[in-house]
1. Ordered by packing density, taken as the mean number of other Cβ atoms within 10 Å over each peptide's residues, highest first, how do 53-66, 243-256 rank?
2. Which translational diffusion coefficient, to the nearest whole µm²/s, is obtained for segment 19-89 from the Stokes-Einstein equation, given a Kirkwood hydrodynamic radius over C-alpha pairs, 4 °C and 1.567 mPa s?
3. Just the number, please: carbon plus sulfur as a percent of the accessible area of segment 1-83, 1.4 Å probe, no ligands or DNA/RNA counted.
4. May I ask you to list the lysines whose Cα is less than 17 Å away from that of LYS458, ignoring any residue fewer than eight positions away on the same chain?
5. Of TYR469, VAL456, LEU342, which is farthest along the charge dipole of the chain in the positive direction, counting Lys and Arg as +1 and Asp and Glu as -1 at C-beta?
6. How big is segment 370-448 along each principal axis, measuring the range of its Cα positions in Å and listing the largest first?
7. In debye, nearest 20: dipole of segment 141-191 around its Cα centre with unit charges on the Cβ of K, R (+) and D, E (-)?
8. If you look at just the Cα atoms of segment 353-496, how large are its Rg and its Dmax in Å?
Amino acid sequence: MTESAKVDMDKIVSLCKRRGFLFQSSEIYGGLNGFWDYGPLGVELKRNVKEAWWRDMVTSHDELAVAAGAPTTYEMTGLDCTIIMHPQVWKCSGHYDLFHDFMVDCRESKKRYRHDQVRGRWVEFRGQKAFVATQLGGDEGLAEAEARALKFFGLRAKDAEKLAWDGPLVSLTKVSDFAQVLGPDAKTLGTLTAPREFNLMFKTYVGALSGEEGAAFLRPETAQGIFVNFKNVLDSTRVKVPFGIAQMGKSFRNEITPRNFTFRSREFEQMEIEFFCHPQASPDWYKYWRDRRYRWYLELGLSGDRLQLRDHEQDELSHYSCGTADIEYAFPFLPPGEFGELEGIAHRGDFDLRSHMEGKLVRQGNELVVELGEDGKPRHPGSGRDLSYFDDITRERFTPHVIEPSAGADRATLAFLCEAYQEDQVPDEKGNPRERVFLKFHPRLAPVKAAVFPLVKKDGMPEMAEKIYRELKPHFNVFYDEKGAVGRRYARQDEVGTPYCITVDGQSLQDGTVTIRDRDSLKQWRLRAEECVAEISGRLAGKIQ
Ligand code: ATP
């Protein structure tokens, strides 16, 4: 991580806490690692992100028009399923057997690490070799590896050139023998255990039964609720293939090393679509969703420089997928050139519907077949329900193929926050330059759309400002503030990304006009008080520039 990138992230994290975007969960008890609470402004921002997604993908989707680039018309509908589902769902989906990361434990520090997240560098001094591990990447990782190597060999900083380094920072997964590994928090070599599997699903018990009969899991993704309701949606809505079902809600993963603010949490929210289509049309639909979802982030303000669409290599694809792409963002907490996943768009074939019909599938050559147990019966039997689709125009019966755009609401919110953070210089009331921090949110995402101020707290200005506030309030989230110098009130609104500030001043009382100030351009102009609703609505909708 570069010094400037690090400073930015520290500033963003501190602004988030100071202004009530994000708090550590259970903070008064010392916090709980991997869990975050959204504060008064954070909850508005995240709701706006989710509402923009639901509106753009579901309710505003025009079923009668061929959307830009879509192969044909299509329908969209929604669902809201439970977090705890029948345990067989996770056996058939593959999560019970396969949803794990590898972890390593340190016998000395008693810390646990995700195997693929530990990096390190080989170094030699006076014939002794060591792989010095760190959890950091980039320049920070290199600096930490050097400091730890000096300490390990009992050297001072001025002796750094005596260390013989061999190669760059590499993942611990490239090291086969841990005897010479200096764990990230260890003082001696060889304290890390061999990697072990760790299932990421949280286990719980349903009802009074505490034994395995009552065991269930908190969902690690929202997608499975959609697959198991596929037939219910078909029968109750008469939708026709191609169509999509959207769902957003909480998911839980017992991540081994939660980190990078909300990026990797143990409780988080997903926004997922399962799009069902004819197998032959599925490659075209895959391309459509990949591009459509990428555009969505750009339309809401992420910059093309920091956003990338990355197609997975063949060896990265899940065993059932014939195409997957990730939408990734260059978060400021990552080393330069590294990107973090915001959303994955996967072509999942008929894997999910068939697994829930027939039983958990495995690949055999080019085929997906039901995995059998030692008794020759399906190891994890499916529901036995018919989840195929009958096209009454072509008279064809088939199991639809699925395209899955799967996004994280918290990661999207964090990316919009990081992108919005800006600093510039503005003249203060005496004309001297003052540093300004502002969040340049897209108007749809801004937690507060406008603030109304009386210039001073007398002469009838508060009464007029309150009236404007009440006129605006039914239309959007508006904030009223009469405390302190007006310059400070502007600065507070800039810092939370409020696009417009309306001020009632002496002239307002005489001619009924007020000033309106634009957060980004800092331009101010006058308009009649009763025009405020139309002006702000028009600007938020992009109809007035
Ligand atoms: P990663 O590789 O970063 O762990 P993933 O590939 O396992 O992510 P998916 O299973 O594809 O993630 O989940 C879809 C989306 O859900 C991700 O793109 C991300 O936005 C979100 N997500 C997944 N895990 C987390 C998490 N631990 N914290 C916050 N969001 C998450």
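The values are calculated or read from the model by the stated rules, or taken from the named source; none is laboratory data. Note that the structure is a prediction, hence the values are computed from the model and not measured. All Cβ positions, even for glycine, are placed from backbone atoms using ideal geometry, and neighbour counts span all protein chains on display. Only protein heavy atoms, including side chains, enter the accessible area calculation; ligands, DNA and RNA are left aside. Shrake-Rupley method; radii C 1.70, N 1.55, O 1.52, S 1.80 Å.
1. Working: 53-66: 13.6, 243-256: 20.5.
Highest to lowest by the protection proxy: 243-256, 53-66.
2. The Stokes-Einstein estimate is 82 µm²/s.
3. Ligands and nucleic acids excluded, carbon and sulfur reach 54 percent.
4. The qualifying lysines are LYS467, LYS483.
5. Towards the positive end, the residue furthest out is VAL456.
6. Ordered largest first, segment 370-448 gives principal extents of 83, 42, 17 Å.
7. On the way: 7 positive and 7 negative charges, 34 e Å.
Approximately 160 debye in magnitude.
8. Answer for segment 353-496, Rg first and Dmax second: 29.7, 88 Å.
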